[in-house]
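Structure record follows, encoded as structure tokens.
The values are calculated or read from the model by the stated rules, or taken from the named source; none is laboratory data. Note that the coordinates shown come from a computational prediction; the quantities given were computed from them, not determined experimentally. Glycine also receives a Cβ, built like all others from the backbone with ideal geometry; neighbour counts cover every protein chain displayed.
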Amino acid sequence: MKTKVLVIGADGRADALARQASLGIHFSHLYALPGNPGTKRWATTISGSITDFVAIEKECLKHGITTIVVGPEDPLVKGISEYFAASQSSAHIKIVGPSAKNAKIEGSKAHAKQFMDRHGIPTAPFQIFKEDQLELAKLYIEQLTVFPTVIKADGLAAGKGVLICHTPEEALAAVEGMLSGAKFGDAGKTIVVEEFLPGKESSFIVITDGTGAWKLLPLARDYKRAGVGDTGLNTGGMGVISTPSLVTESFKQIVTERVIEPTIQGFIADGTPYKGFLYIQLMEVEGQPFVVEYNCRLGDPETEGILPLIKSDFSELLAACANGTLKYTNLEFHEECSAVIAIVSGGYPGDFEKDKKIMINKYAIGRIGCNIFFAGAKEEHGELVTSGGRVLYLQANAPTLKEALNRCYEAAKHVFFDNMYFRTDIGAEVLALEAIGQEA
Ligand code: AMP
Ligand code: GLY
């Protein structure tokens, strides 16, 4: 039976989710809340707040929506799954996304470390300190002999809560700033101090349905820094590549056995089976994986890069996750590479001006073979104007990474707004390694 689905989110990830779901046959109608000028192409817009569950429930009942796919972490951490499960009139509505209990794996770094410790999942050695343990934390830092060390705010700190400290002085200042609440408010009042892992990062994203079944999505590398050569401030993500050379098949196998399986089974053993997307950030050190963090959702802009590589019916995959039938679902990918570049407002991730008119030749971009996913953009008086830092993403699939990147950069010539910029070196280090026949 065909069902109606609601995608929650206003970013490029929501746009890519809605597009990919619209290509399949499972859903009779798509809605997006609050959506953006991109999601409008595939889904009917419903306005509202992504954490106003009462209003979301009313809209679902009004439109006969029976599946909700949650993009960002906020509604998950705030308990959208629990809300619908407990509602008498809406318990039939299925959520693709974990419970708040499980979303804590992203919402609290201390909780995530304890989870890994309990289930034997490899991660950097660590210590947790609470607000009233400042003196103990300082003593701990003073006896450390190896630097850098990593200090993490426990709670969500808009992606800024991790400090890599190169000297004892830096580390002491970080500990004091966080535990006192001065640096990240309540999010920093518990901290994790952990060993620095020198290695290569990769993102493994799985979809799992609460029965123990899971499927791995294509691997991606994101580029967090604002500037060329990984310089400048951290951003939400300036680009993404997905190419088979990111990791070896044997590393994938080790990650499956040592990280993915124990993680999925860990949730089951804790009595809280996980349903939804789970994003595992790994550091590879001498061929061994260490979990850097978990996110309770798809990455952004990883989603924009990897969903277009899915060959199977994505709407069936979402439905199978919602219904707990993932084990019977086939997931195939195009044997291609993918690239994404973010086109952002001048000044981002610091202060930037909004309401700049966006000029975009979507026909030319289409001819190049690129997708456009919108994020910080809105329509005003029939015109497209900027409304956020990451304004839109250009994405291409191609037989080679080089070709995928070329298409994105060619497409970027057909986008203009005052003060826009983008990184010109997404994937460059991988292309250089591929050129000499080495893995990335
Ligand atoms: P997180 O928010 O935990 O993903 O951390 C943000 C970034 O900090 C990661 O993507 C890594 O690049 C870096 N990082 C976090 N923990 C470590 C660690 N133990 N060793 C080295 N780098 C780390
Ligand atoms: N691009 C990183 C994230 O979504 O967390």
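Scanning region 223-273 for residues that are in contact (Cβ under 8 Å) with a residue 24 or more places away in the chain, hydroxyl-bearing (S, T, Y) and either within 16 Å of ligand 2 (Cβ to nearest atom) or closer than 30 Å to F422 by Cα (or both) yields a count of 6. Counting residues in region 127-149 that are small (G, A, S), at pLDDT 95 or above and within 12 Å of ligand 1 (Cβ to nearest atom) gives zero. K183 satisfies every condition listed in (1) at pLDDT 95 or above; (2) touching a strand residue (DSSP E or B) at 6+ places or on another chain (Cβ under 9 Å) except (1).
To keep it simple, each residue is scored yes or no on (1) touching a helix residue (DSSP H, G or I) at 6+ places or on another chain (Cβ under 6 Å); (2) surrounded by 18 or more Cβ atoms within 10 Å (Cβ to Cβ).
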| site | (1), (2) |
| --- | --- |
| L384 | no, yes |
| G388 | no, yes |
| L392 | no, yes |
| N397 | yes, yes |
| E403 | no, no |
| R407 | yes, yes |
| F417 | no, yes |
| A435 | no, no |
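On the stretch given as region 190-222, residues that are β-branched (V, I, T) and away from ligand 2 (no atom under 16 Å from the Cβ) total 6. Among the conditions (1) under 24 Å from the mean Cα position of the chain (by Cα); (2) at pLDDT below 95, L433 misses just one, which is (1).
Selection within region 1-26: residues that are part of a strand (DSSP E or B) and at pLDDT 95 or above. The member of this set that is farthest from ligand 2 (Cβ to nearest atom) is K4. Residues of region 158-167 include none that is in contact (Cβ under 8 Å) with a residue 24 or more places away in the chain, outside any strand (DSSP E or B) and more than 16 Å from ligand 2 (Cβ to nearest atom).
Applying a threshold of 9 Å to beta carbon distances and a minimum spacing of six or more residues, or different chains, the list of pairs starting in region 354-374 at a residue that is in contact (Cβ under 8 Å) with a residue 40 or more places away in the chain and ending at one that is part of a strand (DSSP E or B) and exposed (fewer than 13 other Cβ atoms within 10 Å of the Cβ) reads K357/E383; I358/E383. Against the condition out of contact with any strand residue (DSSP E or B) (no Cβ under 9 Å at 6 or more places or on another chain), charged (D, E, K, R) and outside any loop (DSSP other than H, G, I, E, B), how does E379 come out, does it pass? Criteria not met by E379. Going through (1) part of a loop (DSSP other than H, G, I, E, B); (2) surrounded by 20 or more Cβ atoms within 10 Å (Cβ to Cβ); (3) in contact with a Leu (Cβ under 7 Å, 6 or more places away or on another chain) one by one, I121 falls short only on (3). Part of a helix (DSSP H, G or I), within 16 Å of ligand 2 (Cβ to nearest atom) and in contact (Cβ under 8 Å) with a residue 24 or more places away in the chain: is that true of A112 in this structure? Yes.
Go through region 83-98 and count every residue that is part of a loop (DSSP other than H, G, I, E, B) and farther than 15 Å from T51 by Cβ. The total comes to 8. If you take the residues in region 126-149 that are in a helix (DSSP H, G or I) and in contact (Cβ under 8 Å) with a residue 24 or more places away in the chain, which one is farthest from the chain's Cα centre (by Cα)? Residue satisfying both the conditions and the ranking: E142. A count restricted to region 187-222 and to residues that are within 16 Å of ligand 1 (Cβ to nearest atom), assigned to a loop (DSSP other than H, G, I, E, B) and within 17 Å of F267 (Cα to Cα) stands at 0.
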